[in-house]
Each structure stands twice: as C-alpha cells, then as structure tokens.
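Beneath this line is the structure, given in structure tokens, with notes to follow.
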Amino acid sequence: MLVEATLDFPEEEVDFLEKADARGRLARITAELDEVLDRARSGALLREGIRVVLAGQPNVGKSSLLNALAGAELAIVTPIAGTTRDKVSETIQIHGVPVHVTDTAGLRDPEASADEVERIGIARSWAEIAGADAVVFLRDLTRLGEPDYDDGDRSIAQAWPQGLAGSGRLIEVFNKADASMQRPEGDAIVISARSGDGLERLRERLLELAGWHAQPEGVYIARTRHVQALRRTRDHLERAAGLAAQRDAALDLFAEELRLAHDALGEITGAFTADDLLGEIFGRFCIGK
C-alpha cells in the first residue's frame, strides 16, 4: 500500500515510504523470512534426506565404510580389486536426518580393466557422483606415497564433475587409520571403518554440509519446492532492499520486486491472485460473442 500510494501520488511532497519506515519494515520481514527458511530447510532434510556417494580407488574401504555407517554387512568386502561392480545403496539416520548412502565401484582407468562388467560399474559410479548432494572421496592411508596409487588419486581429482571440487560438496576422508601411522596435512577427516574411529566426525560433517543444525523449537516439515520458493522470495526482497537504498531508483522496479516476492510466497500458501482469476474466467467462458 505504501508503494502504491507513492506511485499514485508522485506530485505529493510526502515520502510515504520514508514516513512509514518502509525500509526498516522490509529489513524486519527479511530477518523473519531467514528464520523461516532456516527451519524449512531443516524440515526438508528431515523429510527427504541427502544423497551421499562413497567414491575412490579400488580397495580403499568404501564397502567397509558403508557397512560401518549402516551397522550391517550390506556390501561384500574382500582384498580383491573390483569386488564392488555395481552401486549398493542404503538409507541411514543421522540425528533423525535420512542419509541415502551409495557405495560405488572403485574408480580407475576403465582401459586398465579387461572386465566389461567392471567398466560398466565405473561408468555408473561417475553418474552417481554427478547427481550426489555430497561425495566422500575415500583414500587409503596405508598406500599414500606409492607412485601408482598417488597418480590414481590425482587422476580422480582431475576428473570430478565441473564445479564439484569448489562447491563444498566434496569431503576428503582418509581411511585405515588403525593400520597406518601416517596422517594427512590439513583438516581432512581421518577414520577407521574397521574400528569406527572418526565416524562420528564424518557424520557431523555430512550434516553440516547439508545445512542441518538442531533447532531450539520445532522445524517445518517442508518440501524442497517450499524451500525453493522461500529462497526466491528472499532474493526478491534482497533486490527490493537494494533498490530502496538508492535515492534515484525507479519505484516501479521496487514495487515489481515486492510483487514477485509476494507471488513466490503464494506458491506455498496457495494464494489465488487476480491473474489466476482472469485465467479461470477466460478458460471457462467465451467472452465477447
């Protein structure tokens, strides 16, 4: 209403937006929306979970890690390279959040294998990686420093899907801490899938990456589309705030951003707009004949 008043009476000297503290009210609305978005994001995680792919060279312990996370012998574990030829998936719970974990075939140059089944498995591994919410790059502490092994890890790192390495979705994990005194530099996660050491830190990292944190009150059990609509609302409000801060900004653009924010919220509430009504009328009746 304040924006419409200013648009309808541009000759008036009264700045309706300034007088009613429109910018302050917009800031407070944005802060409240951030709180709702935070809880809705956590609610969407509770409802739908995250997809995590275990990736790495053969025999680094991916199947052992899946079994350790699931608390059951789901995947076959042997010292033979290429034991896992197809994906093995299981859904586990971490603080109530469903985590869909997929063990994949060991990554290596497909031409290095004469087994057609393994080559298909490697191709499927890369397809799973491309669609994952998080990728655990599992490495073997006992083989660090071996030229062939280090070259294999470098080849994998160079082949990640575009944008994965810098997106925060990639988690570097070093396994077999119980069998090696070596420790990597930096803040990489060190675990032992056999003894369970470090697994709790990995679980917490997965939740952190997904954006989950414990809420002091109840969360909203939202769907992904609800979260997306809230994010669009937030974007439009942010652009509106930027326009409001400019003295010479076009007021009609400011009003349009507010309208778009309102429409995005309407996707959640099921609001029936004037455009919806006109569409319903023209869709049901033949007017003008």
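For the stretch 116-148, which residues satisfy the criterion of being outside any helix (DSSP H, G or I), surrounded by fewer than 19 Cβ atoms within 10 Å (Cβ to Cβ) and touching a Lys or Arg at 6+ places or on another chain (Cβ under 6 Å)? The one that is outside any helix (DSSP H, G or I), surrounded by fewer than 19 Cβ atoms within 10 Å (Cβ to Cβ) and touching a Lys or Arg at 6+ places or on another chain (Cβ under 6 Å): D133. Checked against the criterion of being at pLDDT 80 or above and either within 23 Å of T30 (Cβ to Cβ) or in the same structural domain as D34 (by TED's automatic domain parsing) (or both), the candidates D235, D252, D248 yield just one match: D235.
Of the residues examined, A179 is one that is surrounded by fewer than 17 Cβ atoms within 10 Å (Cβ to Cβ) and within 23 Å of G71 (Cβ to Cβ). The residue list S167, S155, S125 contains one member that is without any contact (Cβ under 8 Å) to a residue 40 or more places away in the chain and not aromatic (F, W, Y), which is S167.
If you go through the stretch 170-203 and keep only what is of a type outside the set (A, V, I, L, M) and under 20 Å from the mean Cα position of the chain (by Cα), you end up with E172, R201, R203. Restricting attention to the stretch 30-79, the residues being under 17 Å from S125 (Cα atoms), buried (at least 22 other Cβ atoms within 10 Å of the Cβ) and at pLDDT below 70 number 0.
The values are calculated or read from the model by the stated rules, or taken from the named source; none is laboratory data. None of the values given here were measured: they were computed from a predicted structure. Virtual Cβ from ideal backbone geometry, glycine too; neighbours counted across all protein chains shown.
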